[in-house]
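Undergrad: Got a structure for you, written out below as structure tokens; questions coming shortly.
The values are calculated or read from the model by the stated rules, or taken from the named source; none is laboratory data. Just so it is clear, the model here is predicted, and its values are computed rather than measured. Counting neighbours? That spans all protein chains shown, and the Cβs are built from the backbone with ideal geometry, glycine included.
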Amino acid sequence: MEQAFAEPAYLADVQPDEGNFVDLENCQSFLTRANPVVAPPTGLFDLRGKTAVVTGGAKGVGAMISRTLAAAGVRVLIVARDGEANRAFAAEHGGILVPCDLSTSAGPADAAAAVRRETDALHILVNNAGSFTAAPVDAITPEQWDRELDINLRAPFFLVQALLPELTAAAREGDPARVINIGSIAALWARSSSAYAYSAAKGGLHQLTRALASDLTRKGINVNAVAPGFFPSDMTDGFFTAVPGLKDQMIEGIPAERLGNEGDIGGAVVFLASRAGAYVSGSILPVEGALWSA
């Protein structure tokens, strides 16, 4: 049944003059009352006191996300392979290293068990750990294919599965728990860059994001993905060193005329993880300086 809405009383204040133009003073009065300047709700982007897991959170894009969340007052558990550099990174930013190799069949379950020893409620899970290799189509081995699908697609699903109790425990009305999968622009455009396994896995991760959202959102767990473009990392730095002029060529093709930075990827994650993104689920958010649409 169609609802009837009463016309606001102040609409009667705005009357056209004889020349069929709205009186400016009257119009300004109307706009002020119709659209008052209101400060954002307190705590809209506030993440203080929450706990997050960031896989692969000590390098590249993962490190950017870990630093951003830590600076926002989040307790960050970094799931990564054990090593002095990863431990030092976690300690420097007030995080906790959860040593684990997610590329193994037992990796997700082992990581979840270690996370469970640190917390019984998980507000944010960022599935960032990944693997990338490029090779001609006739040179890719089954072992390479399986390894990339294991870390880029299999691990995120089984880590979500294993941490469902902790995610559910953190969910609150109006402020769900969050799963944020780090996909890729490689899954959005039809350019292989010879990264066949990687782009296939990230395409699967995007669709997995939508499928999980369709089931978990009603249970208080939002699921979204961020699809980054080109960001500084060990991988891209290696490309730039190996191919002189590649960095300038790459930037030339990005309408924003630069690589992404920590604020770009961190800001996207903070939005999706905070109350500002509480009504967003099942979305793929490109963060790539308009490269995909160029």
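Undergrad: Let me spell it out: the conditions are (1) at negative phi; (2) in contact (Cβ under 8 Å) with a residue 24 or more places away in the chain, and E257 meets all of them except one. Which number is the exception?
TA: Single failed check for E257: (1).
Undergrad: Closer than 21 Å to M235 by Cα, touching a residue at least 24 places away in the same chain (Cβ under 8 Å), not in a strand (DSSP E or B) and not β-branched (V, I, T): which single residue out of E143, E148 fits that description?
TA: Criteria check complete, one pass: E148.
Undergrad: Next question, about the same structure. Looking at (1) within 16 Å of the chain's Cα centre (by Cα); (2) in a helix (DSSP H, G or I); (3) of a type in the set (A, V, I, L, M), which is the only condition A91 fails?
TA: Condition not satisfied by A91: (1).
Undergrad: Could you tell me how many of the residues in region 212-247 are assigned to a helix (DSSP H, G or I), exposed (fewer than 13 other Cβ atoms within 10 Å of the Cβ) and at pLDDT below 90?
TA: 5
Undergrad: Quick one: T241 ticks every box in (1) more than 16 Å from E288 (Cβ to Cβ); (2) of a type in the set (S, T, Y); (3) touching a residue at least 24 places away in the same chain (Cβ under 8 Å) bar one, so which box is it?
TA: Against the list (1) more than 16 Å from E288 (Cβ to Cβ); (2) of a type in the set (S, T, Y); (3) touching a residue at least 24 places away in the same chain (Cβ under 8 Å), T241 comes up short only on (3).
Undergrad: Please determine whether any residue of region 276-294 is part of a loop (DSSP other than H, G, I, E, B), in contact with a Phe, Trp or Tyr (Cβ under 7 Å, 6 or more places away or on another chain), within 19 Å of L188 (Cβ to Cβ) and aromatic (F, W, Y).
TA: Within region 276-294, the first condition is being part of a loop (DSSP other than H, G, I, E, B), and the residues that meet it are 278-283, 288-294.
Then keep just the ones that are in contact with a Phe, Trp or Tyr (Cβ under 7 Å, 6 or more places away or on another chain); that gives 292.
The next check asks that each one be within 19 Å of L188 (Cβ to Cβ); those that pass are 292.
Filter once more, so that each one left must be aromatic (F, W, Y): 292.
Checked region 276-294: at least one residue is part of a loop (DSSP other than H, G, I, E, B), in contact with a Phe, Trp or Tyr (Cβ under 7 Å, 6 or more places away or on another chain), within 19 Å of L188 (Cβ to Cβ) and aromatic (F, W, Y).
Undergrad: Mind listing just one residue for me: the one in region 29-77 that is out of contact with any Cys (no Cβ under 9 Å at 6 or more places or on another chain), at pLDDT 95 or above and of a type in the set (S, T, N, Q) and, of those, farthest from D264 (Cα to Cα)?
TA: Filtering region 29-77 for residues that are out of contact with any Cys (no Cβ under 9 Å at 6 or more places or on another chain), at pLDDT 95 or above and of a type in the set (S, T, N, Q), the one farthest from D264 (Cα to Cα) comes out as T51.
Undergrad: Can you pull out every residue in region 91-114 that is crowded, with 21+ Cβ neighbours inside 10 Å, within 21 Å of A71 (Cβ to Cβ) and aliphatic (A, V, I, L, M)?
TA: L97, V98
Undergrad: A58 versus (1) small (G, A, S); (2) farther than 25 Å from Q144 by Cα; (3) under 21 Å from the mean Cα position of the chain (by Cα); (4) not in a strand (DSSP E or B): which is the lone unmet condition?
TA: Every listed condition holds for A58 apart from (2).
Undergrad: Show the residue pairs that are 6+ apart or on different chains and have beta-carbon atoms under 6 Å apart, the first residue being within region 185-211 and under 17 Å from G289 (Cα atoms) and in a helix (DSSP H, G or I), the second being among the aliphatic types (A, V, I, L, M) and at pLDDT 95 or above.
TA: Sorted first by the residue in region 185-211, then by its partner, the pairs are I185/A227.
Undergrad: If I filter region 115-139 down to residues being crowded, with 17+ Cβ neighbours inside 10 Å and aliphatic (A, V, I, L, M), which single residue comes out as farthest from T209 (Cα to Cα)?
TA: Residue satisfying both the conditions and the ranking: V115.
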